[in-house]
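Encoded as structure tokens, the structure appears first; notes follow it.
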Amino acid sequence: MKFEADLVVFNGNIITMDPQKPLATAIAVKSYKILAVGNDEYAMGLIPSAKRVIDLAGKTVLPGFVDAHTHLTVSGIKSMHVQLDKVHSIEGAQKELKKALSRYSKDQWVLGFSWDESNWKVKRYVTGKDLDEVSTEHKIGVFRVDGHLVSVNSRGLQELNVDSDQTGVEKDENGTPTGVLKDIKELYDCFQPSPQEIHQGIIASNKMANELGITSAVDNIWAGHARNIRDAERLNTLTVRMVINVPSEHIDHMIALGLTSGMGSPLVRIGGVKSFIDGSIGASTAATSEPYADSKYNKGMLLMSQHEFSNLARKAVANDIQTVNHAIGDEAIELVLTAFETLEDITTIRKQRHRIEHAEMITPNQIRRAAALGLILSMQPNFVGEWQMKGGLYYERLGKERTERMNLFRTALDNGARICFGSDGMPYGPLYGIWCAVNHPSPQGRITVEEAIRCYTMESAYASFMENNVGSLTEGKRADFVVLSDNILEAPLNSIRDIKIEWTIVGGQVEYSEMGS
Ligand SMILES: [Zn+2]
């Protein structure tokens, strides 16, 4: 029988992540799907009739990466505004904003993101006065890195018209608002992108993701963005398969409409409901059983009570909806485990693939309980590189001993828990994440390269109900794969983060190529 393939790649070192056929040298693609995975001899037969042929010249191929925890849409929209993460002072931020002014009309908000005064010599917040020095004619709003604080200039403050007596509106000694707004309900009123801006943001973040080898991503969206993602699919501009997590306050809407996890198309599907049980270690708000090392009386905070979360879990289980639960501190993780342990139907719970997001401080005992419930630990090796390596922020917040027992990937796998990997955008980059996981500072955290690849491909696909479509290079699945500059299984562990993505192929289409074609 003769098949006409759309694309044939051959002469490769193909690591399929499919235990039935772990290694191959050629892949044939037809109508977005993998027609065959095999050897060059077989591929030669297909080449004469193939529309496109790529000689891989011995390069290593992996399944496209599945980033199990992102904020892709929002990251994309932010990327079109002023980036303040690399400035070193208020003056530096003012300079970047001034440079950008001409890009904005007077009725648009000039927005900046990700400033972090903790990295500056003068450690104080940006104020409205600082921003008035940039312009009093434009409305300006700049968000701190954690997204919980925005500073606006005088024109911006006028426009927002906030009740200045509420807590969170910072005032000077005369009782005049300084322009610094913390966690108030109007916090994001200056950041209301139009559908066109959202679409541009989706295109920008998909491109960024493809460049890093990401072909599928779980996107924790703002409620209205589902429609924009669907619009992008219709306009053919989506180049990453998107799984949309819905904020948990909308669970009743999902139930009323009969929507369940896993529903959708090969490009856009519904994930779970996303809840927040606690905060973060950086902000000292992750809920811990022992106080923070740098603030003796602080054990962080729970954002939901046991009662509230148990109700959410019961409702989700009864309606076949996956829950996706942000829990970093061991107390927050305890609350999630308790809720599921109290429910009776373990078989149903296991089938529904409920997730604990981050699970950074999970203890070995909690790991075993999570494994028994089939809860997936959706972890971020990328955080390890950012904050858990020697001298990182976690040492300051939690002390050496506790820092060393965080992100226990090894213990989790050894105890039969399922882990999937994601970046949370801090920073995006699966190869960086794999580097972090195999160079973890503690032996209880360190896993092998193959295990780390599996967590960033097959396991993330499983965690998002996509394992029949993506996650391994298997006949019949979508043709999503990446070509690497080096052999990741033979590269020195320390150099994995320097490996380049040379090609990213999504559904048989080349969506990124180092050569630019
Ligand atoms: Zn997140």
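Does region 458-466 contain at least one residue that is out of contact with any Cys (no Cβ under 7 Å at 6 or more places or on another chain), farther than 30 Å from Ala5 by Cβ, part of a loop (DSSP other than H, G, I, E, B) and in contact (Cβ under 8 Å) with a residue 60 or more places away in the chain? The answer is no, given that none of the residues of region 458-466 is out of contact with any Cys (no Cβ under 7 Å at 6 or more places or on another chain), farther than 30 Å from Ala5 by Cβ, part of a loop (DSSP other than H, G, I, E, B) and in contact (Cβ under 8 Å) with a residue 60 or more places away in the chain.
Within region 1-24, being in a loop (DSSP other than H, G, I, E, B) and within 31 Å of the chain's Cα centre (by Cα) holds for Gly12, Thr16, Met17, Asp18, Pro19, Gln20, Lys21, Pro22.
Select from region 199-211 the residues that are surrounded by fewer than 22 Cβ atoms within 10 Å (Cβ to Cβ) and either at pLDDT below 95 or closer than 23 Å to Gln380 by Cα (or both) and list them in ascending order. Walk me through it before giving the result.
Our first condition is that a residue be surrounded by fewer than 22 Cβ atoms within 10 Å (Cβ to Cβ); within region 199-211, this holds for 199-200, 203-204, 207-208, 211.
Within region 199-211, Ala204, Lys207, Met208, Glu211 qualify.
Mind counting the residues in region 211-227 that are in a loop (DSSP other than H, G, I, E, B) and within 14 Å of the ligand (Cβ to nearest atom)? Spell out the reasoning first.
Our first condition is that a residue be in a loop (DSSP other than H, G, I, E, B); within region 211-227, this holds for 212-213, 221-224.
Narrowing further to those that are within 14 Å of the ligand (Cβ to nearest atom): 221-222.
Count: 2.
From the list Val110, Val122, Val126, the one residue that fits, being in a loop (DSSP other than H, G, I, E, B), crowded, with 22+ Cβ neighbours inside 10 Å and away from the ligand (no atom under 16 Å from the Cβ), is Val126. If I ask for residues that are touching a strand residue (DSSP E or B) at 6+ places or on another chain (Cβ under 7 Å), within 16 Å of the ligand (Cβ to nearest atom) and either more than 30 Å from Phe421 (Cβ to Cβ) or of a type in the set (Ser, Thr, Tyr) (or both), which ones from region 33-89 would you list? If the condition is that a residue be touching a strand residue (DSSP E or B) at 6+ places or on another chain (Cβ under 7 Å), within 16 Å of the ligand (Cβ to nearest atom) and either more than 30 Å from Phe421 (Cβ to Cβ) or of a type in the set (Ser, Thr, Tyr) (or both), then Thr70, Thr73 are the ones that fit.
Scanning region 259-278 for residues that are more than 16 Å from the chain's Cα centre (by Cα) and either surrounded by 24 or more Cβ atoms within 10 Å (Cβ to Cβ) or within 14 Å of His354 (Cα to Cα) (or both) yields Thr260, Ser261, Gly262, Ile277, Asp278.
Of all the criteria given as (1) under 16 Å from His358 (Cβ atoms); (2) modelled with pLDDT of 95 or more; (3) within 16 Å of the ligand (Cβ to nearest atom), the one not satisfied by His440 is (3).
Within the option set Leu489, Leu431, Leu493, being modelled with pLDDT of 95 or more and over 20 Å from Phe383 (Cβ atoms) holds for one residue only, Leu489.
Restricting region 249-258 to residues that are among the hydrophobic types (A, V, I, L, M, F, W, C) and free of Cβ contacts under 8 Å to residues at least 24 places away in the same chain, which is surrounded by the fewest Cβ atoms within 10 Å (Cβ to Cβ)? Step through it out loud before you land on a result.
We begin by selecting, within region 249-258, every residue among the hydrophobic types (A, V, I, L, M, F, W, C); these are 251, 254-257.
From what is left, the residues that are free of Cβ contacts under 8 Å to residues at least 24 places away in the same chain are 256-257.
Values: Ala256: 10, Leu257: 8.
Ranking the qualifying residues of region 249-258, first place goes to Leu257.
Taking Ile434, is it under 30 Å from Lys390 (Cβ atoms) and of a type in the set (A, V, I, L, M)? Here the answer is yes, as Ile434 does meet what is asked.
The values are calculated or read from the model by the stated rules, or taken from the named source; none is laboratory data. Worth saying up front: this structure is predicted, and the values here are computed from it rather than measured. All Cβ positions, even for glycine, are placed from backbone atoms using ideal geometry, and neighbour counts span all protein chains on display.
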